[in-house]
Amino acid sequence: MNFRRAFSGSALAFLLVAAPWAAMAQAQQRAHVHGQVKLDVAVDGPAIVIAMESPLENFVGFEHAPKTDAEKKAAGAVVAQLRAADQLFKIDPAANCKLGPIALQSTALGLGKAEAGAPAAEGHADLDGSFAFNCTNAAAAKFIDIGLFTAFKGMRQIDAQIVTREGQFKRTLKRPNARLAWSK
């Protein structure tokens with residue numbers, strides 16, 4: 001699925017506001033830290049979009065293409081859980097959101113397309129995702145209850161950046177705190 005088709009033009013444009021964060025992270029040689037997940041949340045118009053970056057280890061306990069039947073089963077279960085993102089990301093009911101397009105990427109799991117010119121991450125595979133929610137009142141959202149700690153025992157910390165009409169916010173969640181809240 002083409003990323004640009006997956007999201008509305010306004011939500012995609014709004015995500016571009018967050019591009020400096022991404023460029024800064026790449027310039028600093030983004031650390032691959034087990035137990036940590038990065039979330040970028042954009043609230044714009046009728047959409048809430050969550051972009052996630054994480055070491056594959058956080059989800060399945062290994063960082064290579066699944067080899068055994070048990071590893072293949074674990075990887076399949078993770079992909080199924082992420083495709084049911086509305087169970088992992090419970091947006092403030094005031095926003096009245098429904099799950100929209102999802103895009104998952106992991107070279108090790110054969111998901112998505114490998115980035116052009118990206119070196120093979122031998123022993124350090126990631127699982128990244130984009131989760132779009134279509135809402136009748138996205139601006140009313142003031143929090144997301146994150147179910148990643150409960151679903152995936154390997155996660156210890158979530159570093160989040162949120163962009164809304166109210167401003168930009170940075171939050172860090174650690175077990176057991178699973179509510180990502182923002183407002184001025």
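The values are calculated or read from the model by the stated rules, or taken from the named source; none is laboratory data. Since the structure is predicted, the reported quantities are computational estimates derived from the model, not experimental observations. In this analysis, Cβ positions are derived from the backbone assuming ideal geometry, glycine residues included, and neighbour counts consider all displayed protein chains. The protein model used for the area step is the full one, side chains on, heavy atoms only, and it has no ligands, DNA or RNA in it. Shrake-Rupley method; radii C 1.70, N 1.55, O 1.52, S 1.80 Å.
General observations
- Maximal additional length on extending the ARG156-THR136 stretch stands at 3.9 nm, based on 0.36 nm per residue less the C-alpha distance.
- Ranked by the mean number of other Cβ atoms within 10 Å per residue, highest first, peptides 164-174, 47-57, 85-95, 128-138 order as 47-57, 128-138, 85-95, 164-174.
- Cα-based reach from LYS90 at 16 Å (exclusive), listing aspartates and glutamates while leaving out same-chain residues under 8 positions away: ASP40, ASP145
- Probe 1.4 Å, protein heavy atoms only - accessible area per residue of the stretch 29-170 in square angstrom: 48
- Its Cα gyration tensor gives the stretch 44-184 an equivalent ellipsoid. The semi-axes, each the square root of 5 times an eigenvalue, are 28, 16, 15 Å from largest down.
- Test item: Cα-centred dipole of the stretch 72-184, Lys/Arg +1 and Asp/Glu -1 on Cβ, debye: 400
- For the stretch 48-184, the fraction of 1.4 Å probe accessible surface lying on carbon and sulfur atoms is 52 percent.
- Mean separation of Cα contacts under 8 Å, 6 or more apart, over the residue count of the stretch 40-159: relative contact order %: 40
- Stretching the chain fully between ASP69 and ARG83 yields a gain of 2.9 nm (0.36 nm per residue, less the alpha carbon separation).
- Entries of LYS72/LYS170; LYS113/LYS174; LYS113/LYS142; LYS98/LYS174 with Cα pairs more than 28 Å apart: LYS72/LYS170; LYS113/LYS174; LYS113/LYS142
- Relative to one another, the C-alpha centroids of the stretch 89-104 and the stretch 122-170 are positioned 11 Å apart.
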